[in-house]
Amino acid sequence: MKVPLFDMTRQYEQLKQEILRIVDEVLQSGRLIMGPNVEAFEREVASYLGVKHAIAVANGSDALYIAAKAVGIKENDFVITTGFSFFATASCITRNGATPIFVDVDPVSFNIDLDQVEQLLRTHPQRDKVKALIPVHLFGRTVDLERLERIRRDFGVKLIEDCAQSIGSIWYFSDGVIKKSGSIGDVSILSFFPTKNLGAYGDGGMILTNSDSIADFCRIFRVHGARKKYFHEIEGVNSRLDELQAAILRVKLKYLDDYHRKRIDVAKTYNELLGPLSPRFIDIPTVHDDFRCIFHQYVIRVKNGQRDSLKDFLKEKGIETAIYYPLGLHKQKCFSRFGVQSLKNTESLSEEVLALPIFPEISNQEVAYVAESIKKYFKEAIEC
Ligand SMILES: Cc1ncc(COP(=O)(O)O)c(C=O)c1O
């Protein structure tokens, strides 16, 4: 059996009539850039997440770059972020001329270790230059939003939530309030890269904020810094979501919670089937019934140096897997000018993580086959 890591064509089959109808409507309208679908999509996402403003841009990386600029990140500033994330989380800092400070992650949630963040904010020799914190809700698992709010308040740093992988994930506050990731940041971002839980048929991204002035800056910045065409207030960029993508994303947004639920069901099934291998051979993620993690990825930790050979074994069985991420951000060559640093958990994770196939349309048989194959691998490993 062949099991892909991700398969977009199955979702397309289900949505084909709706998608083709809306694509035809957009093409017939002749309005392809910054039209009614982009505006409606911005309103719908803002309402879905509980934020005041949503500003659509060309991709999540641009969203981060513009978001960091919008909160005033510039040369000589320091910005704290996780060592274990996609490149764009850090490049938005350096592209704005600032210096990243990479912090290690919690070995269970894979999210930035907030104890270490607080410690750093207390002891950093140039504390007054540490301007912002960029947490990433990695693989769809929400970072403690209550604590993030406290850190922002106590240390006076700007909060930029990287929600590229976490649209719709939630956090329970101690007073019973539930908030979604992306709703508390001074500014937050989404990515609509095709493999994301809400994926476009191309690139797309979004900036979220409750601040009128930040929203205003981002709206102008994405269109060359011009409020009025050909009159440029700031040196902006061209970073727009197009009407076709917005129209397609509006169709998919209606089903997003169902997609999340299916992913959570898949994660639960994996956990049931792989449970007997944990903790001796692998670690499996915590699964809840609600959206505390929306399982953008289902990632196991493979122990005893077996990760790469398990990956090869699964490939032979027709099962596609992936390694997010094989090298921490603090170790990337392009960031070597910031000095050599060691992040213990990030480095272990880079050697141990393995993402298994997960998407809403994956069948029970496929999930069972993946789990059986993993069990088979360890059975054979023991027998040798
Ligand atoms: C955590 C994280 N941040 C930022 C991005 C950048 O998004 P995009 O690919 O839309 O530029 C991604 C996308 O892969 C991501 O996973």
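Could you grab me the full set of residues in the stretch 74-86 that are surrounded by 23 or more Cβ atoms within 10 Å (Cβ to Cβ) and either more than 13 Å from the ligand (Cβ to nearest atom) or of a type outside the set (Ser, Thr, Tyr) (or both)? Result: 79, 80, 83, 84.
So residue 362 clears everything in (1) without any contact (Cβ under 8 Å) to a residue 60 or more places away in the chain; (2) over 19 Å from the mean Cα position of the chain (by Cα); (3) not in a helix (DSSP H, G or I) except one condition, right? Which one? Of (1) without any contact (Cβ under 8 Å) to a residue 60 or more places away in the chain; (2) over 19 Å from the mean Cα position of the chain (by Cα); (3) not in a helix (DSSP H, G or I), only one is false for residue 362: (1).
Yes/no matrix, rows are residues, columns are (1) farther than 16 Å from residue 34 by Cβ; (2) β-branched (Val, Ile, Thr); (3) in the same structural domain as residue 31 (by TED's automatic domain parsing):
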residue: 190; (1), (2), (3): yes, no, yes
residue: 210; (1), (2), (3): yes, no, yes
residue: 215; (1), (2), (3): no, no, yes
residue: 223; (1), (2), (3): no, yes, yes
residue: 228; (1), (2), (3): no, no, yes
residue: 235; (1), (2), (3): yes, no, yes
residue: 245; (1), (2), (3): no, no, yes
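Screening the candidates 337, 301 for the property of being in the same structural domain as residue 265 (by TED's automatic domain parsing), of a type in the set (D, E, K, R), part of a strand (DSSP E or B) and out of contact with any Gly (no Cβ under 9 Å at 6 or more places or on another chain) yields one hit, 301.
Only residues that are buried (at least 18 other Cβ atoms within 10 Å of the Cβ) and in a helix (DSSP H, G or I): list them for the stretch 122-164, please. Of everything in the stretch 122-164, those that are buried (at least 18 other Cβ atoms within 10 Å of the Cβ) and in a helix (DSSP H, G or I) turn out to be 138, 139, 140, 145, 148, 151. Look at the stretch 133-146: where a residue is assigned by TED's automatic domain parsing to the domain that holds residue 182 and more than 16 Å from residue 83 (Cβ to Cβ) and a partner is assigned to a helix (DSSP H, G or I) and more than 12 Å from the ligand (Cβ to nearest atom), sitting 6+ places away or on another chain with Cβ atoms under 8 Å, you get 140/263; 144/114. For residue 287, the stated conditions do not hold, so it cannot be described as under 30 Å from residue 24 (Cβ atoms), β-branched (Val, Ile, Thr) and touching a helix residue (DSSP H, G or I) at 6+ places or on another chain (Cβ under 8 Å). Of the residues examined, residue 223 is one that is farther than 14 Å from residue 50 by Cβ, more than 16 Å from the ligand (Cβ to nearest atom), of a type in the set (Val, Ile, Thr) and surrounded by fewer than 24 Cβ atoms within 10 Å (Cβ to Cβ).
Residue under question is residue 244, and the condition is that it be within 16 Å of the ligand (Cβ to nearest atom) and touching a helix residue (DSSP H, G or I) at 6+ places or on another chain (Cβ under 6 Å); does it hold?
On the way: within 16 Å of the ligand (Cβ to nearest atom): no; touching a helix residue (DSSP H, G or I) at 6+ places or on another chain (Cβ under 6 Å): yes.
Spelling it out, it is not the case that residue 244 is within 16 Å of the ligand (Cβ to nearest atom) and touching a helix residue (DSSP H, G or I) at 6+ places or on another chain (Cβ under 6 Å).
Restricting the stretch 197-220 to residues that are within 23 Å of the chain's Cα centre (by Cα) and more than 16 Å from the ligand (Cβ to nearest atom) leaves a set whose member that is surrounded by the most Cβ atoms within 10 Å (Cβ to Cβ) is 209. Only a single criterion out of (1) hydrophobic (A, V, I, L, M, F, W, C); (2) in contact with a Ser or Thr (Cβ under 6 Å, 6 or more places away or on another chain); (3) within 16 Å of the ligand (Cβ to nearest atom) is not satisfied by residue 51, namely (3).
For the stretch 92-121, which positions are assigned to a strand (DSSP E or B) and within 12 Å of the ligand (Cβ to nearest atom)? Quick ask: steps written out before the conclusion?
Narrowing the stretch 92-121 to residues assigned to a strand (DSSP E or B): 99-103, 105, 112.
112, the sole residue that qualifies.
Condition check: within 15 Å of the ligand (Cβ to nearest atom) and either in the same structural domain as residue 185 (by TED's automatic domain parsing) or modelled with pLDDT of 95 or more (or both). Does residue 89 satisfy that? In short, yes. Read through the list (1) more than 16 Å from the ligand (Cβ to nearest atom); (2) part of a helix (DSSP H, G or I), then give the number of the only condition that residue 64 fails. Of the numbered conditions (1) more than 16 Å from the ligand (Cβ to nearest atom); (2) part of a helix (DSSP H, G or I), the odd one out for residue 64 is (1).
Taking residues in the stretch 371-384 that are within 17 Å of residue 283 (Cα to Cα), and partners anywhere that are charged (D, E, K, R), the pairs with Cβ atoms closer than 7 Å and at least 6 places apart or on different chains are 373/317.
Number of residues in the stretch 167-196 that are away from the ligand (no atom under 16 Å from the Cβ) and assigned to a loop (DSSP other than H, G, I, E, B): the value is 8.
The values are calculated or read from the model by the stated rules, or taken from the named source; none is laboratory data. Bear in mind that the values here come from a model prediction, so they are computed numbers and not experimental data. Cβ atoms come from the backbone with ideal geometry, glycine included; neighbour counts cover every protein chain shown.
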